[in-house]
Every structure is written in C-alpha cells, then in structure tokens.
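Asks: For reference, the structure I am asking about is given below.
Each reported figure results from applying straightforward, stated rules to the coordinates on display, with no laboratory input. Here the structure is a predicted model, which is why all the values come from computation and not from measurement. In this analysis, Cβ positions are derived from the backbone assuming ideal geometry, glycine residues included, and neighbour counts consider all displayed protein chains.
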Amino acid sequence: MASGDNKPSGPDLTKGIPAADLAEGAMLTGHIGDDEVMLARQGGKLFAVSAHCTHYHGPLAEGLLVGETVRCPWHHARFSLQTGEAVAAPALSPLACWQVEERDGTIVVKGKKGPSAPKTAASAGGRIVIVGGGAAGFAAAEILRRRGFDGIITMLSNDTAAPVDRPNLSKDYLAGSAPEDWVPLRGDDWYAENKISLNLKTEVTAIDAKSKELVLGDGSKIRFDKLLLATGAEPVKLDIPGADQKHVHTLRSLNDCRAIIAQAKDAKRAVVIGASFIGLESAAALRARDIEVHVVAPEKRPLERVFGPQLGDFIRTLHEEHGVKFHLEDSVSAIDGKRVTLKNGGALEADLVVIGVGVRPRLALAEKAGLSIDKGVIVNKYMETSAPGIYAAGDIARWPDPISGERIRVEHWVVAERQGQIAALNMMGVPTPFRSAPFFWSQHYDVPINYVGHAEKWDSIDIEGDAMKRDCVVRYRLGGRVMAVASIYRDKDSLEAGLEMERQAGKAKGAPG
Ligand SMILES: Cc1cc2nc3c(=O)[nH]c(=O)nc-3n(C[C@H](O)[C@H](O)[C@H](O)COP(=O)(O)OP(=O)(O)OC[C@H]3O[C@@H](n4cnc5c(N)ncnc54)[C@H](O)[C@@H]3O)c2cc1C
Ligand code: FES
C-alpha cells in the first residue's frame, strides 16, 4: 500500500541500502517500483517480502519475527519469510517474495521469486466432507488444496451465502464503510477452480459415525472418509413478547446483516439489547449511520466479565463519547411495535432492535451422533473428536489448551480458522497439534482491542499505560501467572505476550498452530 501521496515509502531497494542499516532481528520497509517491500534479517539470513499483510494490510515491519516467520501486528497472522505462505490465519493468501543479496556492505533486492507454496507429501486422498461454511470450514478447505490434498472436498452449509468475513458484519460493512464485495472470503469462481464442491442451503441432519455417512435435509446421504464438523454458534434468542417482529434482529449471517442494513436506511432510533461484542460493535456501526443508539444490558459495566472494570469503564466512555446511551443493570421486558419496555420502568422508541445477548454452540448434530460433549464437542490436540476420523473445529470445539492447561472453548475468528487449518492437516495425514495462544480482536470506532490468551477468572489485573489515552496493556493474572493480555495500540506487546505464552507451554514454532 502506498503512502498518502501515492509514492511508496522508504528507500528504493533495487539501489540498495547499507548493510549496517539492517541489524540481526530487524525489519524495515522500502520499495521496488510501486511495491512496498519489507526487508528482514533473521538468523543471519536476509528476506524480502511484501510489506503488508494479505488480511487487512497490517504493516509487517511493525510485527514480530519468530524463527523464519513474521507475525502481523494487527491480528497475528503468520507468514513464512522463505516462501511468503500464510502459515497461520487470519491471512490466507501468500506474500510476494523477492531475491535479496548482501555484497560489499550493501543489501540489494533483486527480482521477484516465483510462488513456492509447499505441498505436503502425505495426502490421504479419499473424500473429506466439511459441515459448515464459516471460519473453520473455509480455512480447512483452503489449506487442504493449498497443501496439495488431491481427494474430493465437499462443503455443506445451511447458509445461503458462500463463506464470508464474518467479523466485518458488525464493523465496516454494517457501518456502510465497506462494500459488499469485501465480504466473501473468496469469489464464486474460486470453489470451482479449486475443485471444492460448495453446497449452500444444505442442512445436515444426522451423522452415522460407524457407516461414515451423513444424512441431509432432503433425505439423501453422503459418504465420507474424514469429516470436519464446523457448525459454529447461533445467536441466543430472547424469550420476550415482540421479539419475533420484523424490525427485531440478531446478527450472525450475511443475510442477517443485509436485513439490518435495509432497515437502518430509514431508521432514526435503534435499541441494542446486550452489551456483548456484537451488540457494542453494532452500536458503533449504527452510530456511523447517524442513528440514535440505546444499549440496554443487565451488567454494571460493558464487557467487564471479559476485560475487567477498568477496560469496561473505558469502553462505556468511548461509546458515550460517540453518543451511545447506556441503560445498564436493566433489561427489556417487551417490544411492542416501536415501543421497547424496560424492566426497571420506562420505555424507549426504536425503529430497529438488534439483540446481541450471546451465542450458543450448535451441538445438535454432534450430540445426536453420540460424540463426547462437555458444553462443546470434546476434541484432542489434533482436533479429532471421540469418533476416529471425525474432527471438530471453531466455536463448537472444546480442546486441551496447552497454555492454560484447561479444556477450553472460545468464540474467536482466528482460533476457528486456525483450528480448521490444523484439523485439515491432520485429516490429510500430517499429525499437527493445535497449540496457538487464543487470540481475538474487537473494533469500536477507531479503537481496536486485541486480546491474547484466555482468562475466565483472575486474581489481579496490571495495567501499563492508560486506556483512556488509548494506549495500554492489561495483564490478567491468576496465582501470579499471566493468563491473558488485552491491549490498545500496543501491538508488539500483544504479539510478544502470545509468543511468551506459547513458549511457556513449550510449544512455540513458526508452523500453523
Ligand atoms: C457479526 C460477528 C462479528 C464477529 N466479530 C469477531 C471479531 O471481531 N473477532 C473475533 O475473534 N471473532 C468475531 N466473531 C466470532 C467469529 O465470527 C466466530 O468465532 C467464527 O465465525 C466461528 O467460526 P466457525 O467456523 O466455528 O462457525 P461459523 O463461522 O458460524 O460457521 C458455521 C457454519 O456452519 C453452518 N451450519 C451450522 N449447522 C449446520 C448444519 N446442520 N448443516 C449445514 N451447515 C450448518 C452455518 O451455516 C455456517 O456456515 C464475530 C461473529 C459475528 C457473528
Ligand atoms: S491485518 Fe494482518 S492479520 Fe489482520
């Protein structure tokens, strides 16, 4: 990406830079023609790759070098410096790579290298069926083909849309600042080009683990050799009078988002029920459309359960600065047309209501199939369920997290994609454990919050910096140990915290997972 005046930044790398300008372990950005290129020196070797992440264009030189990989500062994607391959989500496309040499005290970047995505030798062939066209399902299908799986790949999704960038649905797309063609993870042609049979509007109703067959909504059956269950989660519905009206929405799919946008066009006032991530991100997006927004939620502080009181207060202040009105320690008892009645008395007017009170993992299929369940589908470190050959990933999976030492289940985009990738490698016969530190991000107006690790409880919170100044690292400790780290505009700290957690668990490597 070029700088504001359309000139790429940094030195012209074809002319060379003094070798002393790039110390061991350092990165810098220069250009070759119009391409911005990141130079890195790591382990005595020189690398030259595209300067921007293929996810949302994060500046890689501000990231972290780990072995022969670079981790993106924004959402922690990992790329091989040797091949450019996006070895761990959320980026899926590779970086371009250039030849680079050091001679007579000068580093010079030469021509572009051809693509060299590594193929994995082991490929079990046969048919892999993926139930779910979301984060985990898509990432699994993508890496299977990228790594050379040559069998049949069938994706079954009960959604009407092909896999989308779901996090965008409560952010730029909902706010009206991203066009709809940013939303699909890949164009329609990609599936045919990669010989992935994508079956939309297809409900899977049962799994026979013994005969390795799936039953579809129309009664037909599909055989599989390996199966990935990635059915995600669904929004919790509110059992209150009036929740079934047309202007009352939940938000999970592209269709849900389109329906909210259609109504937002003429709406003047909205009520968001629930101060969840989706609720609050939706509130911010609706404020960007100049709609008056009221948030009604039972807690004392928004997101306090995840972030603690200090960040909770910051998030409330941030939204209030943008005009959001909170009705905390309250809830909605009924929605009668445009009148939203509050439990503590009083009522609000709303042309549009968004319910964001949390999600529930879709476990029905796994339960019916007799898989081991404990508030999630139990998987081992290879993402395999209690039934051999059947894997699970994403919002439904409860896995043994080597960092916390607990079996955990989370609802994070990056975790779902990476688990899909790890399940895929295992399904193609490459034993690969899942060992990434859990990571998520959330965006409120111009403030991104990154969170790495997993802390369901803590006994102390250390804050470095100042949340109100949008510059802080917050560490959640239990028994002295850092369980999770939240940060605002401290990307390097967030990356380092994730790496440290993985190192502590004795697992840090540059490979996916
Ligand atoms: C609006 C929104 C914004 C979000 N923003 C963020 C964010 O900023 N950061 C973050 O970390 N996380 C975010 N998340 C959470 C993240 O999107 C999820 O954790 C992630 O999508 C989970 O991936 P998954 O593959 O498990 O499930 P999903 O992506 O939900 O995919 C599940 C798929 O399974 C299909 N399916 C379900 N049951 C069946 C069946 N019986 N038969 C056939 N198909 C079936 C569904 O149609 C869907 O295609 C957001 C979620 C939403 C809804
Ligand atoms: S911009 Fe790099 S991971 Fe999102």
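Asks: Under a plain spin-label model, where a point goes 7 Å from the Cα along Cα-to-Cβ, how far apart in nm are residue 374 and residue 305?
Replies: About 2.1 nm, to one decimal.
Asks: Quick one: which residues, 5 or more positions from residue 198 or on another chain, have an amide H under 5 Å from its amide H? H modelled 1.01 Å from N in the peptide plane, none for Pro or chain starts.
Replies: Under 5 Å from the amide H of residue 198 lie the amide H atoms of 155, each far enough along the sequence or on another chain.
Asks: Using a 10 Å cut-off on Cβ atoms, rank the peptides 269-275, 162-168 from the highest mean neighbour count down. All intermediate terms of the calculation are to be shown ahead of the outcome.
Replies: Details: 269-275: 26.0, 162-168: 21.4.
Sorting 269-275, 162-168 by mean packing, highest first, produces 269-275, 162-168.
Asks: What lysines does residue 300 reach when the alpha-carbon gap must be under 17 Å and sequence neighbours fewer than 8 apart in one chain are set aside?
Replies: 325, 343
Asks: Please give the peptides 229-241, 364-376 ranked by average Cβ packing (other Cβ atoms within 10 Å per residue), highest first, as a rough proxy for protection.
Replies: Output ranking for 229-241, 364-376: 229-241, 364-376.
Asks: Using only DSSP helix segments of four residues or longer, with each worth -39500 (n - 2.57), what per-residue ellipticity at 222 nm results for the chain after dividing by its residue count and rounding to 500?
Replies: Helices in the chain give a 222 nm mean residue ellipticity of -5500 deg cm²/dmol.
Asks: For labels at residue 336 and residue 110 in the simple 7 Å Cα→Cβ model, what's the distance in nm?
Replies: Result: 7.9 nm between the two label points.
Asks: So, in Å, what gap is there between the alpha-carbon centers of the stretch 215-288 and the stretch 16-86?
Replies: 38
Asks: Once you keep just the Cα pairs under 8 angstrom separated by 6 or more residues, what percentage relative contact order results for the chain?
Replies: So the answer I get is 13 percent.
Asks: Let me ask something else about it. State the cysteines of the chain left without a partner when partners are defined as other cysteines whose beta carbon lies under 4.7 Å away.
Replies: Cys with no partner Cβ under 4.7 Å: 97, 257, 472.
Asks: A further question follows. Suppose every Lys and Arg Cβ carries +1 and every Asp and Glu Cβ carries -1, with no other charges. What dipole size does the chain come out with about its Cα centre, to the nearest 20 debye?
Replies: Magnitude of the dipole: close to 1240 debye.
Asks: Report the FRET efficiency, 1/(1 + (r/R0)^6), for residue 57 and residue 237, where r is their Cβ-Cβ distance and R0 is 60 Å, rounded to 0.05.
Replies: The pair residue 57/residue 237 has a calculated efficiency of 0.95.
Asks: Here's another thing I want to ask about it. Run the numbers for residue 489 and residue 477: contour at 0.36 nm per residue of separation, minus the present Cα-Cα distance, in nm.
Replies: Numbers: separation 12, 0.36 × 12 = 4.32 nm, distance 2.08 nm.
Full-extension gain reported as 2.2 nm.
Asks: Here is a further query. Pairs 221/368; 119/195; 201/221: which exceed 22 Å Cα-Cα?
Replies: Where the Cα-Cα span goes over 22 Å, no listed pair is concerned, since all stay within it.
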